[in-house]
Each structure stands twice: as structure tokens, then as C-alpha cells.
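To start, the structure itself, in C-alpha cells.
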């Protein structure tokens, strides 16, 4: 017994251009629908798409502003700033510590703190330029340590010492 199949090949056995065009168009349409659905769900759950991307990348927490530009500072001056930390998962996350790579970055005494599910909290810091700092543009990093299995969140502080 022979089963009849619809053939998308031309007389020479090659795939027809219409079939190929239809296949590519359908693949792009499905990809676009998936992307739109992902953006909609991320926006509805977190308020922005970047948090959704961080969640699917395995992060439990995310900072809405991972990079803070302090601007131009003179030697001996000090400036304060804040990072907004967001919990991306459905259980509380305890932020145990913040480890700066330089003693010029001082994390305020709020640690440790617990982020409620899908909650947010500000993490204030101070940046102090000592008289020993060399002039020029610099980037400093702060690593956020939590009690959940998640990639380490790294925050950047940019400064131009004049």
C-alpha cells in the first residue's frame, strides 16, 4: 500500500521557491510572535524588558541601573548615589553583602536586607576621591552577594577624576 504525500518539489526534485518562501515567512512570523509575547509578559511582570532578559539569563536579582556615572570629581571630594535592586523571582532573596573592588566605594549600612518576591529596594553608596587617586576616567565594580543560586550581579561606577 502506497501512501501519497504532497510534494513541494519541482520536476527536477528541488524544493520550490514558493515552499521555501512560505517556510521562511512562517518561521519569521512565529519568532516575531514569540518575541512580542516575551516583551509583553516581561513588561507586565517587571515593568521593563531588561528585567525579563535578566530572569531568563538566570539572575534572581537585577539592578535597573547597573551603571552609575558619577561625572567629574576633584581629588578630596565625595558624592552619593543609589542603585535600585529588584527581586526577579517568587521567593524572598537576602542580599548578604556588597563587595566593592576599591576602598573609595562605601556601601551604606543597610546590609544585609531581604528583598520580597518581585520587590525593589535602593542600595545607597558613597564615592570618596582620595588625594592619592590618579587623574582620568575610571570604572569601579561592586559585586552583590545573595543567598540564592544565581549569577553574581555586578554594578559599575564610572568617574572622571580631575
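The values are calculated or read from the model by the stated rules, or taken from the named source; none is laboratory data. Remember, it's a predicted structure, so these values are computed and weren't measured experimentally. Note: ideal-geometry Cβ built from the backbone for every residue, glycine included; neighbour counts use all protein chains shown.
Quick check: is even one residue across the range 130-138 surrounded by 12 or more Cβ atoms within 10 Å (Cβ to Cβ), touching a strand residue (DSSP E or B) at 6+ places or on another chain (Cβ under 9 Å) and either at positive phi or in a strand (DSSP E or B) (or both)? Yes, because at least one residue in the range 130-138 is surrounded by 12 or more Cβ atoms within 10 Å (Cβ to Cβ), touching a strand residue (DSSP E or B) at 6+ places or on another chain (Cβ under 9 Å) and either at positive phi or in a strand (DSSP E or B) (or both).
There is no residue in the range 154-162 that is modelled with pLDDT of 90 or more, out of contact with any strand residue (DSSP E or B) (no Cβ under 6 Å at 6 or more places or on another chain) and within 30 Å of residue 35 (Cβ to Cβ).
Of the numbered criteria (1) at pLDDT below 90; (2) more than 30 Å from residue 34 (Cα to Cα); (3) buried (at least 17 other Cβ atoms within 10 Å of the Cβ); (4) under 22 Å from the mean Cα position of the chain (by Cα), the one residue 104 fails is (4). In summary, residue 5 fulfils each of the numbered conditions (1) over 17 Å from the mean Cα position of the chain (by Cα); (2) modelled with pLDDT of 90 or more; (3) more than 18 Å from residue 125 (Cα to Cα) with the single exception of condition (2).
For the range 80-101, state whether one or more residues are without any contact (Cβ under 8 Å) to a residue 12 or more places away in the chain, surrounded by fewer than 15 Cβ atoms within 10 Å (Cβ to Cβ) and out of contact with any helix residue (DSSP H, G or I) (no Cβ under 9 Å at 6 or more places or on another chain). The answer is no; no qualifying residue exists. All conditions in (1) surrounded by 12 or more Cβ atoms within 10 Å (Cβ to Cβ); (2) without any contact (Cβ under 8 Å) to a residue 60 or more places away in the chain; (3) touching a strand residue (DSSP E or B) at 6+ places or on another chain (Cβ under 9 Å) hold for residue 49, with the sole exception of (3).
For the range 109-125, a residue qualifies if it is more than 17 Å from the chain's Cα centre (by Cα) and more than 10 Å from residue 86 (Cα to Cα), and the qualifying residues are 109, 110, 111, 112, 113, 114, 124, 125. Considering only strands (runs of 3 or more DSSP E) fully contained in the range 22-111, which possess at least 3 residues that are closer than 27 Å to residue 132 by Cα? Here the list reads 67-73, 78-87, 93-100, 105-107.
Consider the range 107-120 and keep the residues that are surrounded by 14 or more Cβ atoms within 10 Å (Cβ to Cβ) and within 20 Å of residue 141 (Cβ to Cβ). The one that is modelled with the lowest pLDDT is 111.
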